[in-house]
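Reviewing the structure listed below.
Laboratory data are not the source of any read-out in this text; all were calculated from the coordinates shown. Here the structure is a predicted model, which means the values were calculated and not measured. With ideal geometry, Cβ positions are generated from the backbone for all residues, glycine too; neighbour counts draw on all protein chains shown.
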Amino acid sequence: MIEVHHLKESRSRRITWLLEELGLDYTVISYDRDPKTRLAPPELQKIHPLGKAPIVRDKDQTLIESGAIIDYLIRTYGNGHLAPAVGTSDYNRYVQFLHYAEGSAMLPLLLKLYVSRLGEAGAPLHPRINGEVANHFGYLNGELEGRDYFVGDSLTGADIQLSFAVQSAVRGAGREAFPNLTRFVDMIAARPAYQRAVEKYSE
C-alpha cells in the first residue's frame with residue numbers, strides 16, 4: 001500500500017487529495033512539528049535524509065517533492081486521466097505549471113511569512129515582497145479568466161500542485177483581490193475527493 005509521510009501543517013494534503021481523485025488505497029503516517037522550532041521531528045530523517053514532507057513510499061520507491069510525487073502517481077496510476085497527452089501544447093502548459101507552483105509562486109508567500117516574523121526590521125522588504133505576490137497571483141488570476149482549470153477543461157495534476165499556493169494567496173489577500181482564484185478555491189473545495197481528503201486528515 002502507498003504510504004504518505006505527512007508533517008502536520010504542511011503541504012501534504014495535495015498528495016492525499018490526488019490519491020482520493022485516483023481512487024487508490026493509501027495510509028498516512030503523521031508527524032508533529034517541534035513546538036519550539038516548528039521544524040519536523042528527526043523521525044522523518046529515517047524515511048529520507050532531508051526530513052521534509054511529504055514523502056511517498058510505493059513499492060521500492062521513496063519519493064520527495066510534491067511535483068515529482070504528483071507526476072509519478074499520475075504516470076503510474078492515472079490511466080490517461082489528470083494529465084494531458086504527452087507531445088500536446090496542453091502537456092507543455094501542464095509541465096510548466098507543475099514546476100511553477102513551487103519554483104515561483106510559493107517563493108513570495110514564504111518570504112512574506114518569514115519576513116513578517118522580523119517585526120519592524122523586515123519593514124523595508126514588505127513593498128518588494130507584496131509586489132511579487134501581486135505579480136505572481138495577478139498572473140495566475142489572469143490565466144483563469146474564462147476558464148475553470150489551469151490546463152484544458154478538466155482537473156489535472158497542475159491544478160492540484162497549484163492549489164496550496166493559490167489557497168494561501170486568497171487567504172492572505174482576501175477573496176476580492178483575485179476573483180478568479182477565489183472561484184478556483186471554492187470549486188476545488190466542493191470536489192468530493194478533496195472533501196474526503198480533508199475529512200480523513202484535517203491537519
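Ranked by the mean number of other Cβ atoms within 10 Å of their residues, highest first, the peptides 174-182, 90-98, 113-121 come out as 90-98, 174-182, 113-121. Using the average count of surrounding beta-carbon atoms within 10 Å as a protection proxy, the listed peptides 8-20, 25-37 rank, highest first, as 8-20, 25-37. In this structure, the amide hydrogen of Ile29, modeled 1.01 Å from its nitrogen in the peptide plane, lies closer than 5 angstrom to those of Val4, His5, His6, counting only residues at least 5 positions away or on a different chain. Assuming a ≥ b ≥ c are the square roots of the Cα gyration tensor eigenvalues, decide whether the chain counts as rounded (a/c under 1.5), prolate (otherwise, with a/b larger than b/c) or oblate. Taking the square roots of the gyration eigenvalues as a ≥ b ≥ c, the chain is oblate. Summarising the strand pairing of the chain, around 55 percent of its internal DSSP beta bridges are antiparallel. The modelled label-to-label distance between Arg117 and His48, using points 7 Å beyond Cα along the C-beta direction, is 2.1 nm.
For Phe184, what charge total do you get from the other residues with a beta carbon under 9 Å from its beta carbon, if Lys and Arg give +1 and Asp and Glu give -1? For residues surrounding Phe184, the net value is -2. Using the Cβ of Gln195 as centre and a radius below 12 Å, the other residues enclosed give a net charge of +1, where K and R count +1 and D and E count -1.
Please report the relative contact order for the stretch 89-192, taking Cα pairs under 8 Å with a sequence separation of at least 6, and give it as a percent rounded to a whole number. RCO, the stretch 89-192: 32 percent.
Tell me which of Ser30, Gly152, Pro179 sits at the most positive position along the dipole axis of the chain, charges placed on C-beta atoms (Lys, Arg +1; Asp, Glu -1). Value computed over the given set: Ser30. Computed from backbone phi, the HN-Hα couplings of the stretch 21-34 come to 4, 7, x, 9, 7, 7, 10, 10, 10, 9, 10, 8, 6, 5 Hz, rounded to whole numbers (Karplus: 6.51 cos²θ - 1.76 cosθ + 1.60, θ = phi - 60°; Gly and Pro given as x). For the stretch 52-90, applying the loop criterion from DSSP together with a ceiling of 15 other beta carbons within 10 Å to the trypsin sites (Lys or Arg not before Pro) yields Lys59. Relative contact order of the chain: 23 percent, from C-alpha pairs under 8 Å at least 6 residues apart in sequence. The simple spin-label model puts a point 7 Å past each Cα toward its Cβ; for Leu24 and Lys8 those points are separated by 2.6 nm.
Between Asp153 and Asn130, full extension at 0.36 nm per residue minus the direct alpha carbon distance yields a gain of 5.2 nm.
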